[in-house]
Each structure stands twice: as structure tokens, then as C-alpha cells.
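First comes the structure, then the notes that go with it.
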Amino acid sequence: MLLPWLILIPFIGGFLCWQTERFGVKMPRWIALITMGLTLVLSLQLWLQGGYSLTQSAGIPQWQSEFVMPWIPRFGISIHLAIDGLSLLMVVLTGLLGVLAVLCSWREIEKYQGFFHLNLMWILGGVIGVFLAIDMFLFFFFWEMMLVPMYFLIALWGHKASDGKTRITAATKFFIYTQASGLVMLIAILALAFVHFNATGVWTFNYEDLLKTPMSHGVEYMLMLGFFIAFAVKMPVVPLHGWLPDAHSQAPTAGSVDLAGILLKTAAYGLLRFALPLFPNASAEFAPIAMWLGVIGIFYGAWMAFCQYDIKRLIAYTSVSHMGFVLIAIYTGSQLAYQGAVIQMIAHGLSAAGLFILCGQLYERLHTRDMRQMGGLWSKIKWLPALSMFFAVATLGMPGTGNFVGEFMILFGSYKVVPVITVISTFGLVFASVYSLSMLHRAYFGKAKSDIAAQEMRGMSLRELSIVLLLVVLLVLLGFFPQPILDTSHAAMSNIQQWFVNSVSTTRP
């Protein structure tokens with residue numbers, strides 16, 4: 001019975017944040033913090049219950065916990081929630097970054113605090129719904145529910161130095177991209193349910209039933225493309241990434257933490273949970289194209305990151321590059337690469353969140369994100385430059401961090417399947433070091449600009465330092481001791497891998 005509460009608590013908490021603003025501007029902050037803290041505690045309680053490492057035979061999804069309630073029985077639509085190792089890890093990551101998103105926006109948001117926290121909580125509630133929904137119609141419902149609150153977050157509380165028109169343009173671009181791709185997925189879901197009805201005479205949107213749907217090769221390929229396009233936009237995959245840099249550069253810090261840390265992971269989760277198992281033969285046939293798109297994303301994201309002057313846009317493009325590795329891993333059919341993808345998603349969520357939080361703290365002191373206006377900050381601000389260096393080298397895969405473990409497992413697991421693609425993508429790590437070290441040099445070293453040299457800058461507060469140090473500790477723990485994550489995700493990844501490999505063996509020469 002815990003599963004519905006994981007979703008309901010953020011929605012109820014968001015509504016309370018909105019209504020209690022009249023009693024004091026601090027009230028919504030505390031309610032939001034308690035809400036996400038409670039969500040995190042409940043998800044950790046589910047983790048401690050165990051039972052996630054049991055390997056099941058392929059074709060039989062096994063859930064550690066499940067909740068089913070009829071919703072629209074006539075069309076076989078139900079409120080069907082379930083959790084396994086993969087979805088659990090994503091829910092825990094959502095709870096953790098949700099708490100940090102509330103804390104990092106503690107003093108950043110000055111107007112409409114109640115409505116801000118309503119949108120923030122509802123985004124997080126929608127994300128958790130995506131990770132738990134097993135009914136395909138319910139999954140789509142939560143997938144679209146994330147969209148409108150994020151639009152308001154960007155449009156109303158976006159970059160303070162931008163005018164309202166710029167923020168609304170970025171929010172509208174995000175809305176159009178995700179709404180259009182969501183429509184494609186809705187058509188694919190309805191078509192899949194219709195194909196199942198034609199074959200069995202039963203209307204259903206239940207994932208477990210749809211896995212058994214017989215379909216022709218052409219139909220399977222078209223439906224797979226519908227799912228892939230929707231997930232590729234959110235991931236994002238080049239050339240469907242156009243919304244990401246603008247959305248990140250205009251979003252408030254909490255919005256960027258949610259976007260990079262959580263929302264991008266919903267796409268990778270969707271590919272692993274739905275696209276591969278529902279359409280294994282078509283996915284296996286499409287795999288080379290998907291992996292080359294991943295390679296393009298790695299190099300394009302790295303090059304565009306190097307070309308940026310806005311430090312926040314630079315960090316945004318690094319997400320395009322790093323999610324390229326995840327896309328390659330998903331389509332290799334390698335158990336090692338799959339588990340590396342899970343580690344990489346978690347590590348990227350933590351490191352990207354750390355960089356965006358530090359970027360927000362830097363902007364509060366300098367009132368600019370243009371690296372041409374920076375320089376010489378290493379000795380001006382205590383702690384912040386050193387922590388920025390840690391996260392910068394973590395993103396390029398420094399040994400001892402979770403990013404290294406994830407990338408190493410992806411490359412090692414992929415090499416046996418696609419050695420050429422793996423070798424080429426490895427050079428993306430070299431480009432990662434170029435843009436990471438370039439960012440550090442331009443922002444923190446060199447000669448300070450005259451206006452910055454004259455400023456007296458405050459150091460990091462206890463709240464700011466605690467948020468970032470927690471992320472540092474978690475990244476290092478993930479780098480030295482990833483076994484709990486690997487044990488938790490093993491059964492789920494093994495099942496997906498068996499589904500996919502059985503098809504690869506018949507379709508790939």
C-alpha cells in the first residue's frame with residue numbers, strides 16, 4: 001500500500017504549499033521539504049525490505065510490491081503500480097534530488113512561493129508516477145503531467161537577468177517538443193492496445209498482457225518508433241535536443257536539478273522498461289541506428305559544451321553527451337552495459353545536480369553566468385571553486401567517482417558486442433576533459449576582471465555547503481562501493497537483457 005502514497009504525498013504536499021502561503025512565506029518551503037523528505041524515507045523503507053536481487057526467468061516480470069485498482073474497466077485501464085529494482089533506484093534518486101531541489105531554492109525564489117512549490121512537488125509526483133506505472137495509459141497520464149508544471153517553473157521563475165519573453169519562449173519550446181513527442185507515444189500506445197484487441201478480443205493497457213501481443217514485423221517496427229521518438233526527445237537524442245539548452249539556461253536552479261537529474265532519466269527508463277521488452281525484434285533491428293545516434297550525441301554534446309560562454313548552457317550540453325553513453329548501453333544487449341547504464345544514470349543525476357546547484361550559487365554572487373566576465377575566482381570564494389573542480393572532473397569519469405564506474409561498465413560491456421562503436425565513443429571522454437577543464441580555467445583561474453576583483457564575495461553558507469557535500473559523499477560512495485546498486489538492479493536488468501538478446505540472436509548477423 002506504500003506505492004500510491006509515494007505518488008500522492010508530493011501532490012498533497014504541493015497543494016498544501018499553495019494554500020499555506022497566506023500564513024507566511026516560509027511555510028511552503030518547510031512543507032515542501034517535509035513532503036520530499038517523507039517521500040525519500042518511504043522509498044528507502046521499500047529498499048530496506050529487500051527482495052530485489054532475485055533473478056526471474058525471462059518473460060515473467062516480477063515485482064517486489066504491486067498495487068492494482070480498477071479505473072476505466074470498459075477499456076481495461078487500471079491504476080496499476082509496481083516496483084522492482086530499476087524503478088526503486090529511480091524513485092530513491094527522485095526523492096533525494098527532490099529534497100535538494102527544495103533546499104537549493106530556499107532563498108532563490110522570492111515571488112509566489114506557494115505556487116512555485118506546488119509546481120515543483122507536482123513535477124516530482126509525476127516523475128514517481130512514471131517510474132511506478134505499469135498500466136500504459138496511466139504511464140502516459142503521468143508522462144504528460146510532468147509537462148505543465150515544468151512550463152510554469154521556467155516561464156515564471158526562470159533566469160532573473162532574462163526578460164519574460166525569453167523565459168516564455170524557452171518554456172514554450174520545451175512544451176511543444178515534449179507535447180508533440182507525447183502525442184506520438186499516445187498514438188503508439190492506443191495502436192498497441194488495438195492490435196492486442198484484434199488478436200485476443202480483450203481491451204487492455206496492462207503492460208504484462210501487452211508483452212504477449214502478437215504482431216507483424218512492420219507493425220512492431222512502427223510502434224517501436226513511436227515509443228523511441230517520445231523517449232528520444234526527453235533523453236534527449238540529437239537531433240531532437242533543441243529544447244534542452246534553452247530550458248536549462250532559463251530554468252531556476254531547482255528546475256535544472258529536476259531536468260538534468262530526474263526528467264532525462266525517465267526517457268532512459270522508458271526505453272528499458274517499455275520499448276525493448278514490448279518490441280524486442282524491432283528494437284534489435286533498430287539497435288545499430290540508435291547506437292550511432294548515441295555516438296553522435298556524445299561528440300556533438302561535447303563540442304557544443306566547449307563552444308559555450310554561458311556556464312549553465314555548457315552544463316546542459318554535457319547532459320546530451322553523457323546520455324549518449326546510456327543510449328549506446330541500452331541497445332547493446334549486454335548485462336554489464338545495462339547495469340553500467342543504471343550506475344551512469346544515478347551518477348550523472350548526482351554530478352549534474354551538483355554542477356547546476358554550484359552554478360546557481362555562483363550566479364547569486366556574480367550576477368552573471370558569462371564565463372568571459374569571470375576569472376580569478378579561485379582565491380575569491382571559499383569552497384565553491386574546489387567543489388566545482390570535483391564535479392567537473394567527476395563528469396569526465398575520474399576514478400573514485402560513480403561516473404567512472406558507470407562509463408567503464410558501459411564501455412567494457414559494449415566492447416564485446418559493438419567494438420567499433422565502443423572505441424569511437426571512448427574518444428568522447430577526451431572531449432569531456434577538454435570542456436570540463438576549459439570551464440574551470442575560464443571561470444576560476446586566470447586574471448580576475450576588474451569589477452570582480454573589486455568585489456568582496458561571501459563564502460558558502462552551511463546550507464549551501466551541506467547540499468553539495470552530500471552529493472560529493474554519495475558520488476564517492478558510488479565510485480568505491482557500487483555493489484548495493486548493482487545487486488538491486490541485477491534481476492530487473494537480467495530480465496530485460498534476456499528479452500532483448502533472444503531477439504538480437506535472430507536479427508543481428
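Just so it is clear, none of the values below were taken in a lab; they were calculated from the coordinates. The shown structure was predicted, so the numbers you read here are calculated from the model rather than taken from an experiment. Note that each Cβ is placed from the backbone with ideal geometry, even for glycine, and that neighbours are counted across all protein chains shown.
Less than 5 angstrom separates the built amide H of Asp135 from those of His80, Tyr207, all sequence-distant by 5 or more or on a different chain.
Here the gap between Lys165 and Phe445, fully extended at 0.36 nm per residue and compared with their Cα-Cα distance, gives a gain of 97.4 nm. Given their separation in residues at 0.36 nm each and the Cα-Cα distance between them, Phe480 and Met69 gain 143.8 nm when the chain is fully extended. Across the stretch 279-509, the fraction of Cα-Cα pairs farther apart than 27 Å, rounded to a whole number, is 38%.
Simple rule: put +1 on each Lys or Arg Cβ and -1 on each Asp or Glu Cβ in the stretch 279-509, find the dipole, and look at Gln339, His367, Leu478; the Cα lying farthest toward the positive end is His367.
Panel order for Leu244, Leu377, by other beta carbons found within 10 Å of each beta carbon, from fewest to most: Leu377, Leu244.
What's the magnitude of the charge dipole for the stretch 290-445 around its Cα centre, counting Lys and Arg as +1 and Asp and Glu as -1 at the beta-carbon? Answer in Debye, nearest 20. Intermediate values should be presented prior to the final figure.
On the way: 9 positive and 4 negative charges, 70 e Å.
Charge dipole of the stretch 290-445: 340 debye, to the nearest 20.
Backbone amide hydrogens, once placed in the peptide plane, bring Ile83 within less than 5 Å of Gln64, Ser65, excluding anything fewer than 5 places away on its chain.
Sorted largest first, the spans of the alpha carbon positions of the chain along the three principal axes are 74, 57, 43 Å. Spacing of the modelled spin labels on Phe23 and Leu470, each 7 Å from Cα toward Cβ, amounts to 2.4 nm. Site-free segments of the chain were taken between GluC sites (Glu not before Pro) in DSSP loops having at most 10 other Cβ atoms within 10 Å, sites themselves excluded; the longest one is 111-455.
When the Cα centres of the stretch 166-186 and the stretch 359-414 are compared, how far apart do they sit, in Å? That distance is 29 Å.
When Cys307, Cys104, Cys359 are sorted by how many other C-beta atoms sit within 10 angstrom of their C-beta, beginning with the fewest, the order is Cys307, Cys359, Cys104.
Any idea what the relative contact order of the chain is, in percent, if you count C-alpha pairs under 8 Å spaced at least 6 apart?
Details: 872 pairs, mean separation 85.5, N = 509.
This gives 17 percent for the chain.
With the simple model of a label 7 Å out from the Cα in the direction of the Cβ, Ala199 to Glu110 spans 5.9 nm. Using a cut-off of 28 Å between alpha-carbon atoms, which lysines can reach Lys212, once sequence neighbours fewer than 8 places away in the same chain are excluded? Of all the lysines, those that pass the test against Lys212 - Cα under 28 Å, at least 8 places apart if same chain - are Lys234, Lys265. Listed by chain and number, the aspartates and glutamates placed with their C-alpha closer than 18 angstrom to that of Lys382 are Glu364, Glu456, Glu464; residues fewer than eight positions away on the same chain are left out.
Would you list Leu132, Leu387 from fewest to most Cβ contacts within 10 Å? Provide the component values of the computation, followed by the final result.
Details: Leu132 26, Leu387 21.
Sorted ascending by nearby Cβ count, the order is Leu387, Leu132.
Each Lys and Arg contributes +1 and each Asp and Glu -1, all at the Cβ; summed about the Cα centre of the chain, the dipole is approximately 1260 debye.
If you average over every viewing direction, what projected area does the convex hull of the Cα atoms of the stretch 291-375 give, in nm²? Working shown, then result.
Values: hull surface 22.4 nm².
The orientation-averaged projected area of the Cα hull of the stretch 291-375 comes to 5.6 nm².
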